[in-house]
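Student: Here it is: the structure, laid out below.
The values are calculated or read from the model by the stated rules, or taken from the named source; none is laboratory data. The shown structure was predicted, so the numbers you read here are calculated from the model rather than taken from an experiment. Heavy atoms of the whole protein, side chains included, go into the accessibility calculation; ligands, DNA and RNA do not. Shrake-Rupley method; radii C 1.70, N 1.55, O 1.52, S 1.80 Å.
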Amino acid sequence: MNLNRTFIFGGTGSGKTTLAMKMSTILKIPFYTTDNFVYKKTGWSEKYPEKVRDKNLKIAFSKKKWIIEGVHKGEWIYPAFKKSTYVVILIMPRHKTLKRVIVREIQRLIKREREKTKLRDFWMLLKLAYAYKNDYFLSHQQLVKDFKKEFIILHSNKEILAFLTKMGDIK
């Protein structure tokens, strides 16, 4: 299991960012989130132009070691995905991902982390969390198959913990 260039896929609220942060700490390599390539820091509604998005992604995947996590699909991620050495796909129970999205957005409102999430954006996050298994997961699974990538699918916090423990032993 070569984790030097790992791609983590999963639905909204599946734990991608948390897993990426933990892997980054254990392996001492940087992690990136595709949201930061797509959206400007001002909120979910303002996107970067495609050329800027693609350039920022290229800067990340041109490094020797990285972890990239996200829910996104489409040809724009192919160059980074082709360079990945391992893929992790998180498929968490829907009730868990929906709860995480709701709790996270309430916490952000309380902490005033960023501008208030618009109801439309919040609804989009819930829809993405709910629909992942029937849409994006199928695309991500096909990508793994098409590019013949080594991968693991994790379904629970227990499996994620076992993966992290094994990863720490391998390091």
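Student: Probe radius 1.4 Å, ligands and nucleic acids ignored: give me the carbon and sulfur share of the accessible area of the chain as a rounded percent.
Tutor: Summing carbon and sulfur atoms, their accessible area is 57 percent of the total for the chain.
Student: Follow-up question, since we're still on this one. Assuming a ≥ b ≥ c are the square roots of the Cα gyration tensor eigenvalues, decide whether region 128-171 counts as rounded (a/c under 1.5), prolate (otherwise, with a/b larger than b/c) or oblate.
Tutor: Numbers: a/c = 4.20, a/b = 1.46, b/c = 2.87.
Oblate, since a/c reaches 1.5 and b/c is not below a/b.
Student: Separate question: Given a 10 angstrom Cα cut-off, can you work out which residue in 62, 84, 24 is the most mobile in a GNM of the chain?
Tutor: With Cα springs under 10 Å in the chain, the top fluctuation among 62, 84, 24 is at 62.
Student: Shifting gears a bit: Taking the Cα atoms of region 66-125, report the difference between the largest and smallest coordinate on each principal axis, in whole Å and largest first.
Tutor: Principal extents (Cα only, largest first): 39, 26, 21 Å.
Student: Which order do 109, 154 take by accessible area at a 1.4 Å probe, largest first?
Tutor: Correct descending sequence by accessible area is 109, 154.
Student: May I ask you to rank 140, 72 by accessible area, largest first, using a 1.4 Å probe over the protein chains only?
Tutor: Reading off the accessible areas and sorting them downward yields 72, 140.
Student: Next up: Ignoring everything but the protein chains, give the 1.4 Å probe accessible area of residue 21 in square angstrom, nearest 10.
Tutor: Probe radius 1.4 Å; accessible area of residue 21 about 90 Å².
Student: Same structure, new question: Please report the projected area of the chain's Cα convex hull averaged over all directions, in nm².
Tutor: 9.6
Student: So, for region 1-86, what is the accessible surface per residue at a probe of 1.4 Å, expressed in square angstrom?
Tutor: Counting only protein heavy atoms, the per-residue value for region 1-86 is 49 Å².
Student: Okay, helix-only estimate at 222 nm for the chain: each DSSP H run of n ≥ 4 adds -39500 (n - 2.57), divide by all residues, round to 500 deg cm²/dmol; what do you get?
Tutor: Numbers: 8 runs with 91 residues, N = 171.
Rounded to the nearest 500, it is -16500 deg cm²/dmol.
Student: Probe 1.4 Å, all protein chains in place: accessible area of residue 108 in Å², nearest 10?
Tutor: Rounded to the nearest 10, the figure is 50 Å².
Student: Determine the per residue accessible area of region 132-171 with all protein chains present and a 1.4 angstrom probe, expressed in square angstrom.
Tutor: Roughly 68 Å² per residue, with all protein chains present.
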